[in-house]
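A short write-up of the structure that comes next.
Bear in mind that the values in this text are calculations on the coordinates, not laboratory data. Just so it is clear, the structure is predicted and the values come from calculations on it, not from any experiment. Cβ: placed from backbone, ideal geometry, glycine included. Neighbour counts: every protein chain shown.
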Amino acid sequence: MNTITRHSTTRRRFLQTGAAGAAALTLPMRFAHGAKKGGVMRMGKAHGQTVDSLDPGTHENGFTVAFTFGYNGYLTEIAQDGSLAGQLAERWEASADAATWIFQLRKGATFHDGRDITAEDVVASFNHHRREDSTSAAKPIVAPITDIKADGKHTVIFTLEAGNADFPFVPTDYHLPIMPSKDGKPDWQSGIGAGAYRIRNFDPGVRADLDRYADHWDSGRGHFDAIQMITIVDPAARTNAVITGEVDAIDRVDLKTVHLLKRRKGLTVHSVAGNQHYTFPMRTNIAPFDDNNVRMALKYAINREELVEKILQGFGVAGNDHPIGPGQRFFAKDLEQRTYDPDKAKHYLKQAGLDSLSVDLSVADAAFAGAVDAGVLFGESAKAAGIELNIVREPNDGYWSNVWNKKPFCACYWGGRVVEDQMFSTAYASGAAWNDTAWEHEKFNKLLVEARTELDEAKRREMYTEMQQILRDEGGALIPMFASYVFAASDKLAVPAQMSSDAALDGERWMERWSFA
Amino acid sequence: MGVLQLVAKRLGLGAVTLLVVSIIIFGAVELLPGDLAQQILGQAATPETVKAMREELGLDRPAPVRYVEWLGGALQGDFGTSLANKRSVAEQLGPRFTNTLFLAALAAAFSVPISIVLGVLAALYRESVFDRIANVATLTSISSPEFFLGYILILFLSVQNPIFPSISSVSADMPFDERVYVTLLPAITLTLVVIAHMMRMTRAAIIALLASPYIEMARLKGEPRWKVIAVHALPNALAPIINVVALNLAYLITGVVLVEIVFVYPGVGQLLVDSVTKRDFPVVQACCLVFAATYILLNLTADVGAILSNPRLRHPK
């Protein structure tokens, strides 16, 4: 089963009307009516560490993300069809330049301790990430917010440094839950949230137990009585756990043995095509990668189909050297797919004035599962083009602080973003902290700013298409593949036919969206 | 020197050892590339947030200052709080260490009697088929990596024949019998890993004594063979056996991280690995000190046991 994001007309309509100053009204999402209530859902997660905390600014792995979506409420969320839906925010409207946004909160929504959710809580929650000495990983995401203030009990006004038509997507980020405010500071320590489940027990790196919050504002979500989420890092142990029925579902199925798991009765292996992609960023300010001909030679020297087949076992699609997934709204489908072509690679090498090329490629499986093997395969296919790749195996430990964003050529992964602008601004914009290719492109940066406030959809599409083309033909990132999310679930579960593709396991919102059959 | 004096002296030396260990560990964590702020923020780190986190946690201060501060707290019994999730180290380590001790105790309850009985029997029936089989079987199990043994047990006892759960998710409120049940597979795995060492040492120690004149005398008296071994040889072989048992008990507590991972058992090993990965110094330090103290105490127990079992050591000239 392959589900691909489709953006509904809700968002399109909103873009047209929202910025014109009209209120975009979204109704609470309706989930499968008549879903069976009850039961204890047991999930085996590949992530979870003893150092995990309840501070949303530190959430980063599959365990903490699913956990926070379970016990916390958010202003908005990404629905299963990829559109934007209101959660604690009932509706929102923008000023004409899309630089001021007014969010109306849902009345009657409460925290687990029974308190009403007010504008003050929202302000405190966002300021947790915005304040000067914030340690939150979401600080760059909220940086464009120059001011946020409460107007009465149920209205919040965001002022942005510049217009952003996609701003209502920002609060869907898992770092940005609404927490109860205590003296102007959010109280994340208590674990009191506004989600469909409340925390009974959290043992970091081991397990989390949650119970359904009976007074949740939306009776359409949260069908299980209780959740047991267990960290099972070892792939063999995770597979055993789901086979022996110790858990009802697992994420990150081991692709090397997935063909055996599929044979197991009572289990279904699900695959959802998503936006997550694996990359080989080249730092464009370091020789020889400062020469686009060298970058092009390397882009033609990699056999993408082979990587999809051997590294992803077919659970994915070939990438086209830009970070926009085939299911995304402004995906440039007419852009020709780049394929393995050693002759073209040689041609570009000659253009660069080189007969042969020898470069180091730093890899570790911390970058993505199978990164070391992918590097070796890349090295083999590059030989035919006269390129010698010296595969440097780096330690997994410390990979993100010592190798990525530092070594001239390495392996990396990106979870992808639903909004094109977010993906580009995060990893390709001039000066962005995570611009791992150190890429500076005048035209690209100009288009990025223009497209953000452009309200004409056709023009916007044109701009994003051009940006994808620029990245494909000049960018520093070699993006060979988009990986699907693969997970296994017991047939006792009623797994929705359409699932979110913005993260694994139905956008990690399985707690509130799934039920027993 | 009496036993009490020895214990006091050794405990004093143990405290010095712990201090040295703590300095070495602090230095080792400092030597690791990257610090907690970078590791916690991972791919999402920006220079700004890393700096803010360092300031918040005091990681921007010089290393000796941080060590002395930690030491000051530790001497007063305060092991501090985890830098990563702000929970107190004692609160985190306590339940994990209880789990580890429980698993070690269960494994020891199987492995110690089995290996000593097997060792005595192997010595009794030296060079017999039984001796050969016992040797080959235990050497095979000790030579296999423990995760491999774990997977084999899971395959036969939980996937093909669903007798035991494949993951040992124990929790504090679990009744004792259920806890034993879910912990049984990892305990059996550990038993298989440690049995060979203790059994072979028992056998060797007894056999070494069998050539002594007093054993010959006992035999000439017409004592049955089992009695010669159990009553005459075993008590004198106790010292080396106690030593090897203590060593293996220490291993059961400190060296089981692979088994913990295979069976998803929430013990100290996993906590230590996670904390090292994230450079969470207070937790690393506490785990290592607990491990070091375990070794020191078990070694001390072994020595005291050896002295008590040997009158010559009890009454030195």
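General observations
- Between A:Glu442 and B:Leu75, the simple spin-label model (points 7 angstrom out along Cα→Cβ) gives 6.5 nm.
- Neighbours of A:Met467, meaning other residues whose beta-carbon lies under 15 angstrom from its beta-carbon, give a summed charge of -3 when Lys and Arg score +1 and Asp and Glu score -1.
- What separates the Cα centres of segment A:202-239 and segment B:122-153 is a distance of 42 Å.
- Sites A:Asp473 and A:Asp133 - FRET efficiency at Förster radius 30 Å, r taken between beta-carbons, to 0.05: 0.10
- Segment A:329-403 and segment A:110-130: distance between their alpha carbon centers, rounded to Å: 46
- Taking 20 Å as the cut-off, the amide N atoms of segment B:182-211 that come nearer than this to a point 7 Å along the Cα-to-beta-carbon line of B:Arg132 belong to B:200, B:203-204.
- Charging the Cβ of each Asp and Glu at -1 and of each Lys and Arg at +1, and nothing else, the dipole of segment B:33-183 about its Cα centre rounds to 200 debye.
- Span from the segment A:250-297 Cα centroid across to the segment B:195-256 one, whole angstrom: 57
- For B:Leu11 and B:Glu55, the FRET efficiency from 1/(1 + (r/R0)^6), where r spans their Cβ atoms and R0 equals 30 Å, is about 0.15.
- Remark: spin-label model distance A:Val376-A:Ala226 equals 4.6 nm, labels positioned 7 Å along the Cα→Cβ axis.
- Rounded to the nearest 20 debye, the dipole magnitude of chain A is 1300 debye, with +1 charges on Lys and Arg beta carbons, -1 on Asp and Glu beta carbons, and the Cα centre as origin.
- Whole-number percent relative contact order across segment B:97-314, with pairs defined as alpha carbons under 8 Å at least 6 apart: 28
- Size of charge dipole - segment B:42-104 - debye, nearest 20, with Cβ of Lys, Arg +1 and Asp, Glu -1, no other charges: 140
- DSSP H segments from chain A that extend 27 Å or more along their own axis, Cα-based, with Kyte-Doolittle mean of 0.0 or above: none
- Rounded FRET efficiency, nearest 0.05, which uses the C-beta distance separating B:Phe156 from A:Val40 and R0 of 25 Å: 0.35
- When the Cα positions of B:Leu190, B:Gly269, B:Ile229 are compared along the charge dipole of segment B:181-273, B:Ile229 comes out farthest toward the positive end, with charges on each C-beta of Lys, Arg, Asp and Glu.
- With both labels modelled 7 Å from their Cα along Cα-to-Cβ, the B:Thr98 to A:Ala352 distance reads 6.0 nm.
- Exposure proxy ranking, count of Cβ atoms within 10 Å, fewest first, for A:Tyr174, A:Tyr197: A:Tyr174, A:Tyr197
- DSSP H segments from chain B that extend 20 Å or more along their own axis, Cα-based, with Kyte-Doolittle mean of 1.0 or above: B:3-31, B:89-124, B:176-210, B:234-254, B:281-309
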